[in-house]
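The values are calculated or read from the model by the stated rules, or taken from the named source; none is laboratory data. As the structure is a computational prediction, the values presented were derived from the model and not from experiment. Quick reminder, even Gly has a Cβ in these numbers, built from the backbone with ideal geometry, and neighbours come from all protein chains shown. Heads up: the accessible areas ignore ligands, DNA and RNA and are worked out on the full protein's heavy atoms, side chains in. Shrake-Rupley method; radii C 1.70, N 1.55, O 1.52, S 1.80 Å.
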Amino acid sequence: MTISTSLLAELRRVVGPQGYLDQAADIEPFLVDHRQLYRGATPLVLRPDSTQQVSNIMRLCNEARVGVVPVGGNTSYCGGATPSEDGSQIVLSLSRMRRIRSVDPLNYTLIAEAGCVLAEVQAAASSVDRLFPMSLGSEGSCQLGGNLSTNAGGTAVLRYGMMRDLVLGLEVVLPDGRILDSLKPLRKDNTGYDLRDLFMGAEGTLGVITAAACKLFSRPASSVTAFVGLADPQRAVDLLSRLRTFTGDAVSTFELIPRAALELVLEHIPNTANPLDQYHDWYVLLEIGMGRHDETLRGAIESELADAMEQGQISDAALANNESQREMFWRLRESIPEAQRRIGASIKHDVSVTTSELPRFIIAASRLVREISPQGRIVSYGHLGDGNLHFNVSRPAGGDDESFLRLAPNINRAVHDLIARYGGSISAEHGIGRLKREELVRYKQPVALEVMRAIKQALDPNGIMNPGKVL
Ligand code: MLT
Ligand code: ZN
């Protein structure tokens, strides 16, 4: 179904000459997803610069039954922001709505529009000596609206939570153009259903998020970053528990890294070096932050890690002595996806189980994958404190992408069926998008799916909001 020229003309009028792209070269970046799994088509990318313009767009498209695909930084891992191939949908980019509307340091909140790049929100917080703790590899390009729509996680979830835990209110344009303004930066507001959490994580299928009231936190005055070598994931789980108790839950990051991942990074990513003088089967990147300025923090962590070493819980540890060493430790972790990309196709999983079960899961999942692809290179890393593992399998050395990727359905099925047996989640932080719709039906409790469909039907009866995603 093609979009009528009269509707296209009306939509251009709503946003004005600065507010749309209709030349093929300008539209191209919006047609392919971050992992290049999908290619869509559209005659028009709209770039409204106000909530009212978004409202007018939605009203027109709803009346015409034309699908609208909201997009932020287009860093989705599941094809959540790519239009369909038939050119029947409009792409709605929030990029021009990037105002920080207000900052209230005493209330520890700020209100930002959906098109703000995450790094800009972080900067607005630190400009008033506050912290907006959402941090992830794509923070230089991902946008707040996309983080909200996918309930993004990142590397500080352990202490600060996911996006849902960092937001007090939302402004949303509904599929019929009505504006839901619940932007109040109140920590307490028990007046009916929690509509805010309904739209976060909905991946643009229930409405267009145009702004958010975000929580801010105190910036840790002192922090310690360590790169620890240890023998197995169980020791990592035990170390996390030990340090959470020792610091009173001041552990903000606790990332598990297998030796295979560190070797890939050291081999393929420039300006990286092994912080420890030996190789170990497993590593943890951890960061601990304290509110008050505490000279003793570093010493205390150092002696706690020395004790852990004495007791055979860890094999070695390096503490960052300065900001550039800290950045190096982080680069080792943040470069893993890129390093893995450089060795060819990978079959990825973004799964979660309880942290206590994670070590057992890794062993069981590795065994299953080895039966299907004995030479496949397992690289399982991730946010151990959240029980969230990126259990990725790279194609065998010297193999070819094509034949390896043909194994994806049965490797995915084996890993996800195992997840179901562990009572885990088949998508811990990346969402469903287009990629995992069938998995959602297979693994989500049927009543939950019925409730989701009822909500979708109530809010988007014409099915124009990001069609084909999630449900
Ligand atoms: C990460 O934690 O690095 C991402 O969520 C997963 C990835 O980029 O593969
Ligand atoms: Zn992740």
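Quick notes on this one:
- Residues located in region 308-348, provided they are closer than 16 Å to ASN271 by Cα, away from ligand 2 (no atom under 16 Å from the Cβ) and hydroxyl-bearing (Ser, Thr, Tyr): SER324
- Top-ranked residue in region 281-321 [being of a type in the set (Val, Ile, Thr) and open to solvent by less than 40 Å² (accessible area, probe 1.4 Å); ranked as nearest to SER380 (Cα to Cα)]: VAL284
- Restricting attention to region 377-404 and to residues that are on the phi > 0 side of the Ramachandran plot and crowded, with 20+ Cβ neighbours inside 10 Å, the residue that is farthest from ligand 1 (Cβ to nearest atom) turns out to be GLY387.
- Qualifying residue in region 406-419 (condition: at pLDDT 95 or above, under 21 Å from VAL157 (Cβ atoms), of a type outside the set (A, V, I, L, M) and open to solvent by less than 30 Å² (accessible area, probe 1.4 Å)): no
- One residue alone among THR272, THR296 is over 20 Å from PRO233 (Cβ atoms) and touching a helix residue (DSSP H, G or I) at 6+ places or on another chain (Cβ under 8 Å), and that residue is THR272.
- Conditions (1) in contact with an Asp or Glu (Cβ under 7 Å, 6 or more places away or on another chain); (2) farther than 28 Å from GLY154 by Cα: number failed by GLY80: (2)
- Test result for PRO374, more than 30 Å from GLY299 (Cα to Cα), open to solvent by 30 Å² or more (accessible area, probe 1.4 Å), within 15 Å of ligand 2 (Cβ to nearest atom) and of a type outside the set (D, E, K, R): no
- Total residues in region 332-351, condition surrounded by fewer than 19 Cβ atoms within 10 Å (Cβ to Cβ) and over 24 Å from ALA320 (Cβ atoms): 5
- Residue match in region 351-367 (condition: more than 24 Å from ILE432 (Cα to Cα) and of a type in the set (D, E, K, R)): yes
- Meets criteria (crowded, with 23+ Cβ neighbours inside 10 Å, within 16 Å of ligand 2 (Cβ to nearest atom) and within 20 Å of GLU255 (Cα to Cα)) for THR150: no
- Here SER102 meets each of (1) under 23 Å from ASN151 (Cβ atoms); (2) open to solvent by 30 Å² or more (accessible area, probe 1.4 Å); (3) part of a strand (DSSP E or B) with one exception, condition (1).
- Any hit, region 56-70, residues being within 16 Å of ligand 2 (Cβ to nearest atom) and open to solvent by 40 Å² or more (accessible area, probe 1.4 Å): no
- Total residues in region 105-135, condition part of a loop (DSSP other than H, G, I, E, B) and either away from ligand 1 (no atom under 16 Å from the Cβ) or closer than 22 Å to VAL208 by Cβ (or both): 12
- In region 226-243, the residues that are hydrophobic (A, V, I, L, M, F, W, C) and buried (at least 17 other Cβ atoms within 10 Å of the Cβ): ALA226, PHE227, VAL228, LEU230, ALA236, VAL237, LEU239, LEU240, LEU243
- When residues of region 105-140 are limited to those that are touching a residue at least 24 places away in the same chain (Cβ under 8 Å) and within 16 Å of ligand 2 (Cβ to nearest atom), the one most open to solvent (accessible area, probe 1.4 Å): GLY137
- Test: residue in region 158-178 that is assigned to a loop (DSSP other than H, G, I, E, B), open to solvent by 60 Å² or more (accessible area, probe 1.4 Å) and not basic (Lys, Arg): no
- Close pairs (6 angstrom Cβ cut-off, 6 or more residues apart or separate chains): closer than 14 Å to GLY145 by Cα in region 183-202, modelled with pLDDT of 95 or more and open to solvent by 60 Å² or more (accessible area, probe 1.4 Å) anywhere: ASP197/ARG164; MET200/ARG164
- Region 420-442, subset among the small types (Gly, Ala, Ser) and more than 16 Å from ligand 2 (Cβ to nearest atom), residue surrounded by the fewest Cβ atoms within 10 Å (Cβ to Cβ): GLY423
- Residue match in region 353-367 (condition: open to solvent by less than 30 Å² (accessible area, probe 1.4 Å), within 13 Å of ligand 1 (Cβ to nearest atom) and within 19 Å of the chain's Cα centre (by Cα)): no
- Residues being surrounded by 17 or more Cβ atoms within 10 Å (Cβ to Cβ) and part of a helix (DSSP H, G or I) - total across region 261-274: 4
- Extreme residue, farthest from ligand 1 (Cβ to nearest atom), among residues of region 145-167 that are farther than 21 Å from GLY80 by Cβ and in contact with a helix residue (DSSP H, G or I) (Cβ under 8 Å, 6 or more places away or on another chain): TYR160
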